[in-house]
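These notes are about the structure you will find just below.
None of the figures in this text is laboratory data; all of them are computed from the coordinates on show. None of the values given here were measured: they were computed from a predicted structure. Cβ: placed from backbone, ideal geometry, glycine included. Neighbour counts: every protein chain shown.
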Amino acid sequence: MAESYRLDAGVHRAAEEVPGGRVREGVRAYFLIAGMWIRSTMAYRTSFALMTLTNFATTALDFVAILLMFSRVDALGGYSLQQVAFLYGVSSTTFGLADMVIGSMERLGRRVRDGTLDTLLVRPAPVLAQMAADQFALRRLGRTSQGALVLTWALLHLTIDWTPLRVLLMPVMLVSGCAIFCAVFIAGAAFQFVAQDAAEVQNAFTYGGTTLLQYPPTVFATELLRGVTYVLPLAFVNWLPATYVLGLPYPLGLPDWAAFLSPLVAAVCVGLAGLAWRAGLRSYRSTGS
């Protein structure tokens, strides 16, 4: 009975602390746990280097597929190879950053099933910070660096009228895109409190989302574009800002200023994901729930 009370109290305490006044403690706990995993990883430097290169090479195959397409066509949905590379680079870089920072959230369902989430509840640190930093994988830098290289190549080969707004939009797009993907990771983890074996459902929106955004919006049906613009706003990761930077129209006919809504959309997504996480954590009643 006492143990059950402590677990229940831990659930409510952790759920209240994450979105409230313990943000600083959560950030500190995150960096402490992530640092521990980084030190553990760097104890085997050769293994780390090989795994990072493997991660780099594996993700590079996605861009190789795009190159193969353009060996047969001059344009894809009205986009040149350099423009598609721009979309690919932004999508892969932002997702790679989010996956490295918070990708461990996808393992929440496993912890719920085997009961190891209970050990996180009784520790004096927000559960969200502990889950996000759990088994921090620095090797995921391979995906991020590969996307950044493709983005750099695209920028060097594109002819863009670099106005101050377009220059400003580049870092805003990368930061906002990373935040949107982080929100999707958190919301997907919250869903796993209810559907404990739902990691693949979450992957459909995270890994599947970044693959979707690597291709021009003009090749997809209007209904899908509306879904990823108004329902799950992945279009604000790169499609909308990129069309402004590249000087291309967005298929839904949105005004140019919509490209600058990414920070606002990211803030709303993070807020909603936090509420979903709070609700999921409050509903948790130890293993078997």
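Some observations on this one:
- Summary value for the stretch 2-283: 28 percent relative contact order, contacts being C-alpha pairs under 8 angstrom separated by 6+ residues.
- Label separation (R39 vs L275): 4.0 nm, computed from points 7 Å beyond Cα along the C-beta direction.
- Relative contact order (percent, whole number), the stretch 131-289, Cα cutoff 8 Å, 6+ residue spacing: 33 percent
- Computed on the Cα atoms alone, the convex hull of the stretch 184-289 gives a volume of 93 cubic angstrom per residue.
- In plain terms, the bigger the Kirkwood radius, the slower the diffusion; for the stretch 211-252, with that radius from Cα pairs, at 10 °C and 1.306 mPa s, Stokes-Einstein puts D at 155 µm²/s.
- Going from the fewest other Cβ atoms within 10 Å to the most, the residues L87, L76 appear in the order L76, L87.
- Convex hull of alpha carbon positions in the chain: directionally averaged projected area 16.3 nm².
- Fraction of alpha-carbon pairs over 17 Å apart in the stretch 186-244 - percent: 44 percent
- Rounded to the nearest 10 degrees, the angle from helix 23-42 to the longest Cα principal axis of the chain is 80 degrees.
- Among L213, L81, L61, residue whose mean-square fluctuation peaks in a GNM of the chain (springs only between Cα atoms under 10 Å): L61
- Put a dot 7 Å past the Cα of L53, heading toward its Cβ, do the same for R113, and the two dots end up 3.4 nm apart.
- Taking other C-beta atoms within 10 Å as the exposure proxy, W153, W239, W162 rank W162, W153, W239 from fewest upward.
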